[in-house]
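Supplied in structure tokens, the structure appears directly below.
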Amino acid sequence: MPASLLYVLSAVFILIFLYFLLPEFLLHVLGIGSWKRQFSPGVALTFDDGPDPNYTPRLLEILDRQNVKACFFLVGEKAEKYPEIVNMIRDRGHIVGCHGYLHRHAWLMSPFKTWELWDKGINTIENITGTIPDYIRPPWGGCNLALAFWYLARRKKMVVWNAHGMDWNAARTPGQIAGRVVKHAKE
């Protein structure tokens, strides 16, 4: 293998490591850069990917009946379609966080697209609620170096999870989802 090709491959590997793998390792394995509830008792319920016109109102009714507050990480594109549901979440006292403008994994975005879409997601939610979201959660928990710089520059709190119900899997029953969350919860 020619030395020049070896240098190019090494440079590509280093760039991939720095842009994709290092931020993921720091965030998910070491917890560096993630805002956590480790200094307060209890658990935080969070819901991603909404608002959804079918499920979000039903979920809000359940939370109201149980007198429970949660954080909803909303996708900006969906928030634009259903602003009344976004305001319903806010008006019922829940926290509104941002899940990006599009539900796209950070590894699929360039640095410029990362900044553009996260700014657009934050601005969309602010325009609907009148409040700038403090909390963000990247889709699938994916992080790249541009997102790490973005949330630090914008002074956002990135929230990942430590107990995930894997509720996206249609084969899981409510009991399995709840059991998985309880098993992994630290409180």
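The values are calculated or read from the model by the stated rules, or taken from the named source; none is laboratory data. Computed from a predicted structure; not experimentally measured. A quick note on method: Cβ atoms are made from the backbone with ideal geometry, for glycine too, and the neighbour counts reach across all protein chains shown. Protein only, heavy atoms only, side chains kept; ligands, DNA and RNA dropped before computing areas. Shrake-Rupley method; radii C 1.70, N 1.55, O 1.52, S 1.80 Å.
What is the angle, in °, between the Cα long axis of helix 55-66 and the longest principal axis of the Cα atoms in the chain? Nearest 10 is fine, range 0 to 90.
60 degrees
Order of 53-63, 135-145, 5-15 by packing, highest average Cβ count within 10 Å first?
Numbers: 53-63: 14.2, 135-145: 20.4, 5-15: 10.3.
Put in order of decreasing packing, that is 135-145, 53-63, 5-15.
If you work out Rg and Dmax of the Cα atoms in Å from the coordinates, which of [x] 23.9, 74; [y] 20.4, 74; [z] 18.3, 68 do you get?
Computed from the coordinates, Rg and Dmax of the Cα atoms in Å corresponds to [z].
Pulled fully out, how much extra length does the chain show between LEU5 and LEU45, if you take 0.36 nm times their separation in residues and subtract their Cα-Cα distance? Could you put the intermediate results ahead of the total?
On the way: separation 40, 0.36 × 40 = 14.40 nm, distance 4.95 nm.
So the extension gain works out to 9.4 nm.
What number comes out for accessible area per residue over region 54-127 if the probe is 1.4 Å? Units Å², please. Please list the in-between numbers first.
Details: 3970 Å² over 74 residues.
With all protein chains present, region 54-127 gives 54 Å² per residue.
Give a residue-ordered list of calculated ³J(HN,Hα) values for region 20-25 (Karplus: 6.51 cos²θ - 1.76 cosθ + 1.60, θ = phi - 60°; whole Hz; x for Gly, Pro).
Residue by residue, region 20-25 yields 10, 6, 4, x, 5, 4 Hz.
Based on the mean of other Cβ atoms within 10 Å per residue, sort peptides 107-113, 164-170 so the most packed one is first.
107-113, 164-170
Taking amide hydrogens as modeled 1.01 Å from N in the peptide plane, which residues meet the under 5 Å criterion relative to LYS157, leaving out close sequence neighbours?
TYR135, ILE136
Placing +1 at every Lys and Arg Cβ and -1 at every Asp and Glu Cβ, with all other atoms neutral, what dipole size does the chain have around its Cα centre, in debye to the nearest 20? Spell out each step's value before the answer.
Values: 21 positive and 16 negative charges, 90 e Å.
Dipole of the chain, to the nearest 20 debye: 440 debye.
Run the helix sum for the chain: -39,500 (n - 2.57) per DSSP H stretch of 4+ residues, divided by residue count, reported at 222 nm to the nearest 500 deg cm²/dmol.
Numbers: 7 runs with 80 residues, N = 187.
-13000 deg cm²/dmol, from helical runs alone.
Order of 95-102, 148-155, 115-122 by packing, highest average Cβ count within 10 Å first?
Working: 95-102: 22.9, 148-155: 14.5, 115-122: 19.0.
Averaged packing, sorted descending, gives the order 95-102, 115-122, 148-155.
Probe radius 1.4 Å, ligands and nucleic acids ignored: give me the carbon and sulfur share of the accessible area of the chain as a rounded percent.
Values: 6970 of 11400 Å².
Carbon and sulfur: 61 percent of the exposed surface of the chain.
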